[in-house]
Each structure stands twice: as structure tokens, then as C-alpha cells.
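The values are calculated or read from the model by the stated rules, or taken from the named source; none is laboratory data. If you're wondering where the values come from, they're calculated on a predicted model, not measured in any experiment. Because the Cβ atoms are built from the backbone with ideal geometry, glycine has one as well, and the counts that use them run over all protein chains shown.
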Amino acid sequence: MSVIAVYNIKGGVGKTATSVNLSYLSACQGNKTLLCDMDSQGSATYYFRIRPARKFNTRKLLKGGKHIDRNIRGTDYPGLDLLPADFSYRNIDIALDDLKKSKRRISRILKPLREEYDHIFLDCPPNVTLLSENIFHAADRILVPLIPTTLSHLALQQLLEFLDEIGQERAKVLVFFSMVEKRKKMHGEMMRLLQDEPGVLPCAIPFLADVEKMGIYRQPVAAMLPGSAAAESYRRLWDAICGELEKS
Amino acid sequence: MQELQQDTRCLPESVEMQALIDALADTFAVEIEGAREHVTTWYDTFDWRLYNRGYLLRYSDRHWHLLEYRTGEAVVVARAGAGKKRLFARELPRGRLRSLLAPVLDVRALLLLVSLGSVDTRVRILNRDQKTTVFVEFSRQQVRGTDTVLRTVRLVPVRGYDKALRAVRAFFDDQGVVEQVPPFHTFEQGVQAVGRRPGDYSSRFAVRLDPDLTSRQAAITIYRRLLDTMQVNEEGILRDLDSEFLHDFRVAIRRTRSGLAQMKKVLPADITATMKEEFAYLGRITGPVRDLDVYLLYEHDYRARLPEQLQEGLGSFFADLAEQRRLEQKKLVRALRSPRYRQIVTGWDEYLRSDDPTPSADADKPVIDLARRIIHRRFRRLLKDGLAIGADSPDEDLHRLRIQGKKLRYSLEFFRSLFPEQEMDTVIRQLKRLQNNLGDFNDLSVQQEMLTRYLHGLRPGSRKNMELAAAIGGLLTNLFHEQHRVRERFGKTFARFSSRKNVALFKKLFH
């Protein structure tokens, strides 16, 4: 059993595409898998053609238990469930701040779900907030999609320093390269520079139109185009993550 | 959550599958996926070890699926190469499947029970977002090698879409597709179509005797059951599927011989005498392969008994045994295909069906009297011989006592159903404990004799034989010490068996 948070301080780095495809691949192997869409934009929810129930919102999420149980939805793929996001999540920090033990709330909510699922993925919103801090506590692994640029590298450093600050181990972090463009010289150089750093997986998801198109056909690319280069690169990434999970 | 249970229904003869799919498409927004053909194969051991533990094992789409019998839910799914007709636990893919099944299967092989070729059509019920809310799986399965066709529809719910599920259920109710079947429906039907029934074989001897039967009627029932056991195991021996077919076959032979000896005045004297000889012959022709099977099964144990530097030498020893077994198995197959064997089995079969009018001293006596007399006599004998054994008694005395114990055990099992169940369980459990001790002692003797014989046959000189001799020497020492320990435990074990309480129980039941 493991909770994997897909996170980056920056937006638009392929977090949702990663969460959607990896959770799908996990379920394909017979693992009961839950994807929690924590981002108020609800992109993962949209990709799976799911609409949250009208009554579901931040308050219900933070109550946990049966309030969550009732709102989990099955996707079109056996073994893969989704907890939809709600637009009210945009104010989740304010709600968290009012609670006792505000940094452990998400851990607590996930506890019963850990019994039910083999893998739980958290698709996280960007930014460093109280919610992210909650997620870092709750996650066994923090998976960081990294576009190989200088600024992204800087963001990664910020994340690691933040983890130090809140007393979380850096070893939780797994990095892979995302939206990689072969023709960009800087991408290649950054990757060479970082490849031997601890926690950096030898995997790259190329910048591919097939991934972008997920918004049109609303399915994981690994399900829609299982033979595509995009699907193959996600499979390789998932294998590498499984290897890391087995180590711990 | 109750509502999320899967729902499998049988299609009535009158309903045409395509018409039903069309009607479904007229009622709901659907996506019909292309028909998919695949083969599902079910496995179990000959004695249903998986079924008895509430499991089902299926091979399909290049994966093993270990399912829970009652719910049909997967316990383990493991990727594998092609499924075979027969395989042992060690041939299963490494991982949870193997570690779960190895202790259950032990030395028994998984056998292909039945294959079903199916054509599946999956229909997805969609909502306004084109999101799947229910899966409807139509399946037409043909039992390979038969005319049996099974047609089912399975409703697979999607979490959080209960309303859609209720609507689809109502649709099928309206169409008259109402007969729900359990998840193991196709398994049971398939197995039945090839002439078997789950749990139809067990190596335990069990026969229900009516206390009003005459001794002759009871004896015939017992012999009949034993002959059936021999016959159902024949094919497995000829095809050499696993070692237990021959083992069960031989146990049935021994039981029959023991029955003939103990119920000697029940059948006419000439029949008893002839059959005793015939069954002794069957014991002889099946002996060598069984002995070698037993030795071969020791391989793991022998390696564990030796330090690593001596283990190497055992390689050629077991290779030799395997080669010997191959030759003996050939001889055995020839013997079982010979006219003599056929004659014995059909002759006995015909006799058991016939109504032999020849009188015999005990034939018409009530079986309950016969049972008491035999068991009581056997028990007294065992008690007397056992009590006479002291620390200095020769090993032969223990070997003889083991035979006595076996005879008592067989007679208890023959007549078990005539006596109160719980007390019989106690009596047999007590005896079993004693038998285990004597059995271990005997096994260790037999092994030492076998190894000594083998050692004497070795020619010195080569390095290989030297290593082999060293390994056997190591084993002999180890086995000798263990036998000594087993012997030391005998006194205590027998004291327990001959306790006042146990003797009183025997007297109460059989005197």
C-alpha cells in the first residue's frame, strides 16, 4: 500500500496527465487504485468524465469517512476509482487553518482508504500551501514531474528546502523529466546535469501531442492509444516507480 | 455497498442474445464493444484441494486468476506463459500465487479440468458525459469437447452510479432474464459437462454402512468402494500425472487385502484365497515405482540434512533414482495394460456385482457384530504386543507393531459409520499418533537400508563416487540419530495410546 502525491510548485508541468496515466496503469496490474483529484480545477475529474455530486465540497472532504466514501466514483476502468475535485477546494487552506492539527488532516482522511486501496494517487494543485504541507505528511512518495529547465530546477530546490523545514525526508521525493523536447538543447543539458542526483528516475515523458489530446478524448493515453510512444513512456515510468516502491 | 455486488444471470432458451443487445441499445445510451473470443481453463488437483479450500483457479488471457469460490473475486492475479495440461506448484510463476498454493498442492499436480471457449460482448451503459455507469457483459461459452453451451449476462456496477444499475436491472427483469446464478456457475456447469463434480474424489476412505446390513452386504460395499478408487486412479498412473494416483491405488489394494484377511469367513473360502493372491500380485507390480517415488520425494529433505559441501554428491544419486523410476514406470504401465491385470479387475468387479449363493460361515451375520469382533480382536493384539516392547526389544518388534496398527486402523475406517462419530474420531486420532511414531521409525529404517544397499553397489575410484559416498555416509549418520530419537519417543507415545481412558473407550465401543 502506498500513497503517491504528484506534485510540483509550478503549474502546467504535466501533473494531471501523470496522475491519470499512472493510476490507470496501476489498476491495469490488478491493484485497487484510487485517484484523488485535489486540484480545484478538477482536470483529472474531467478526464474521467466524472461530475462530482452537487453536495460534495471542501467541508465534506475534510470531514472524511462516509462523506468521502459516498463521493468516490468508479471510472470506466476496472479497479480504478476517483475522488472528484470540487471548485470549493480553491479555498481549502482557509478551511484547513480553522481545524485542529491542521497539518495532519489529509493523513487522517486517507487512513481508512489505505485499507481499501493498494495505491492512492493524489493529483495536487501547484503552490506551497497548507494543503501541500498536509499532502507531504500523508504521502509515502512525492512524485515530481520536472521540465528540464533552470527555473524548474530552482523550484525543485525550493521544494526540497521546504521539506527540510517541515521535517519531512527528502528521500520521499522521486523526480522524473516531463514534457521533454529533444530539439531543445537546454533540456538535454539539464537532464545530463541532474540524472545522477538522488531520487531522479531515469525516465522522461516527451512532449507529445497525444498527451495534449487527452483533453479531447477524455481517457488516459495509455488506454486510448496503448501502442503510442506516450503510453510506452508512462509504462516505463510506472515500472521505475514500482521498482522504487519495492525497495522501501 | 451491498448494492455493488455483481449480478450474473442465465439467459433463458427463449431469449436471443443479439435481440437482447439490440433492445438494450434502444433503451439506453450504449457503447457496444467488438466481440472478443477467448478461452478460459479451470484447474484443480484430482482430489479438489483448491475447491475444498474455497478457491477456484482459472487460466485465461495469459494470466492465472485465483478466485474466491463464493464471490468469484480475485485473490491473486499473476501473469504466466501458456497453460499446460498438468503442472506442479514449482512451475507456477514465482510470487504470491506460488507461495499461497505450494503448501496446499504439496506433491499433487494441478490438472486441467475443463476449457471453455467463449465469445464475449461488452456493452457499456453511458450517461450524458459518455461516462460508463454500468458494464453489461454478455457471454456465450462452449464447453470444449462437448455440446454444452452456457449463455450468461453479467452486470458489473460502477461505484457511485447506483441509479443506472437499478435501471439496467429492471430492464433485464422486464425481458424475463431473471435467473441469477452464482459466480462459479460456469465452472460448475463446465466441470459437470465433462463428467465430474466438485469434490467427487477424496483419498480418504469413507463409506456409509447401514447397521442392518449382513456382513456379506457390508463387505461387498467396502470392496466395491475400494475397487472404484483403484479404477478412477488408473488413468493418472498410466499418464504419470503425479505420485498420488499410484499411492491411492496402492492404499486401496492394501485395504482390500486387509479386508480379505480380517473378514475371512464372509466370502466363500476359495474366493477369499484367490483374491488374496491376486491383490498380493497387484501390490508387487506397483511396489517398485512407489518406493522410488518416495525416495525421490526425499530430495529436498536430504539436502537439508547435509552440510553444503556434501550436498553436491547427491546429484547423481537422485539422477540415478529418476532413471530407475523411468524404467520401472514403463514396466508398471505394461503390467497395468496386460490381460492378467484386466482379468483380475474385471473378475473382481463381476464377482462384486453377482449374487453368489455359496454359503459362508459369517456371511449372514449382522455387520455390527462382525465389526465389533474384528476391531476388538485387533485392538487387544496391538495392546498386548505393544506392552511387551521394552527399551531392549529388537527393531523388528516395532515394525510388526506398525503392521498391527495399520490393520486396526483399516478396520476402524471400514466400520467407522456404524459407531458414534465423535468417539470414533477420538479413537482414530489416538491411534494415528501412535502410527505416526511407528511410521517414522519404519521410514527411517527403510531409508537407511536403501542407502546402505546403494553404497555397497558403488564402485570406488572416481571422484564423483567418492563425493556421493561421503554424502550417503553423512545421511546415514543423520538418519540413524533421528531414528534413535523416534525410538526414544515410542515409550511415551504408546503409554498415551494404552492409557486407561483410551482402553476404556475401546472397550465401551467394541466389546
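For segment A:38-64, which positions are away from chain B (no Cβ under 13 Å) and closer than 27 Å to B:A74 by Cβ?
Correct list: A:A44 only.
What's the number of the condition B:L267 fails, among (1) in a helix (DSSP H, G or I); (2) crowded, with 20+ Cβ neighbours inside 10 Å?
Going through (1) in a helix (DSSP H, G or I); (2) crowded, with 20+ Cβ neighbours inside 10 Å one by one, B:L267 breaks only (1).
Quickly run through segment A:207-235 and pick out the residues that are closer than 22 Å to A:V3 by Cβ and assigned to a helix (DSSP H, G or I).
A:A222, A:Y234, A:R235, listed by residue number.
Kindly evaluate B:A167 against the criterion of being aliphatic (A, V, I, L, M), over 29 Å from the mean Cα position of the chain (by Cα) and surrounded by 14 or more Cβ atoms within 10 Å (Cβ to Cβ).
So B:A167 fits the description; yes.
Among the candidates B:A109, B:A82, B:A74, B:A89, single out the residue that is of a type in the set (A, V, I, L, M) and within 14 Å of chain A (Cβ to nearest Cβ).
So the residue among B:A109, B:A82, B:A74, B:A89 that is of a type in the set (A, V, I, L, M) and within 14 Å of chain A (Cβ to nearest Cβ) is B:A74.
Please work out which one of (1) surrounded by fewer than 18 Cβ atoms within 10 Å (Cβ to Cβ); (2) free of Cβ contacts under 8 Å to residues at least 24 places away in the same chain is the condition A:G74 fails and give its number.
For A:G74, the failing item is (1).
Would you mind finding the one in B:A261, B:A206, B:A218 that is over 19 Å from the mean Cα position of the chain (by Cα) and surrounded by fewer than 17 Cβ atoms within 10 Å (Cβ to Cβ)?
B:A261
Give segment A:82-112 a look and list any residue that's within 20 Å of A:T18 (Cβ to Cβ) and of a type in the set (A, V, I, L, M), or say none.
Hits for segment A:82-112 are A:L82, A:L83, A:A85, A:I106, A:L110.
Any idea which of (1) polar (S, T, N, Q); (2) under 21 Å from the mean Cα position of the chain (by Cα); (3) under 24 Å from B:R197 (Cβ atoms) is the one B:S99 doesn't satisfy?
Condition not satisfied by B:S99: (3).
Condition check: at pLDDT 90 or above and part of a helix (DSSP H, G or I). Does A:L160 satisfy that?
Against the criterion (at pLDDT 90 or above and part of a helix (DSSP H, G or I)), A:L160 qualifies.
List pairs: first residue in segment A:32-52 and within 11 Å of A:I120 (Cβ to Cβ), second residue of a type in the set (S, T, Y) and in a loop (DSSP other than H, G, I, E, B) anywhere in the structure, Cβ distance under 6 angstrom, at least six positions apart or on different chains.
Once the first residue is within 11 Å of A:I120 (Cβ to Cβ) and sits in segment A:32-52, its partners that are of a type in the set (S, T, Y) and in a loop (DSSP other than H, G, I, E, B) give A:K32/A:Y117; A:L34/A:Y117.
Do you know which residues across segment B:437-463 are loosely packed, with under 13 Cβ neighbours inside 10 Å and in a helix (DSSP H, G or I)?
Once the filter is applied, which keeps residues that are loosely packed, with under 13 Cβ neighbours inside 10 Å and in a helix (DSSP H, G or I), segment B:437-463 yields B:E449, B:T452, B:R453, B:H456, B:G457, B:R463.
Output the residues belonging to segment B:324-368 that are touching a Pro at 6+ places or on another chain (Cβ under 9 Å) and assigned to a loop (DSSP other than H, G, I, E, B).
Within segment B:324-368, B:D356, B:T358, B:P359, B:S360, B:A363 qualify.
Looking at segment B:129-142, is at least one residue at the interface with chain A (Cβ under 10 Å from one of its Cβ atoms), surrounded by fewer than 20 Cβ atoms within 10 Å (Cβ to Cβ) and either over 44 Å from the mean Cα position of the chain (by Cα) or not in a loop (DSSP other than H, G, I, E, B) (or both)?
Among the residues of segment B:129-142, at least one is at the interface with chain A (Cβ under 10 Å from one of its Cβ atoms), surrounded by fewer than 20 Cβ atoms within 10 Å (Cβ to Cβ) and either over 44 Å from the mean Cα position of the chain (by Cα) or not in a loop (DSSP other than H, G, I, E, B) (or both), which makes the answer yes.
Could you say whether any residue in segment A:81-91 is of a type outside the set (A, V, I, L, M), under 20 Å from A:I4 (Cα atoms) and more than 14 Å from every other protein chain (Cβ to nearest Cβ)?
Scanning segment A:81-91, I find at least one residue that is of a type outside the set (A, V, I, L, M), under 20 Å from A:I4 (Cα atoms) and more than 14 Å from every other protein chain (Cβ to nearest Cβ), so the answer is yes.
Please go through segment A:119-157 and give me each residue that is over 30 Å from A:G79 (Cβ atoms), in contact with a strand residue (DSSP E or B) (Cβ under 8 Å, 6 or more places away or on another chain), in contact (Cβ under 8 Å) with a residue 60 or more places away in the chain and assigned to a loop (DSSP other than H, G, I, E, B), ordered by number.
A:I147, the sole residue that qualifies.
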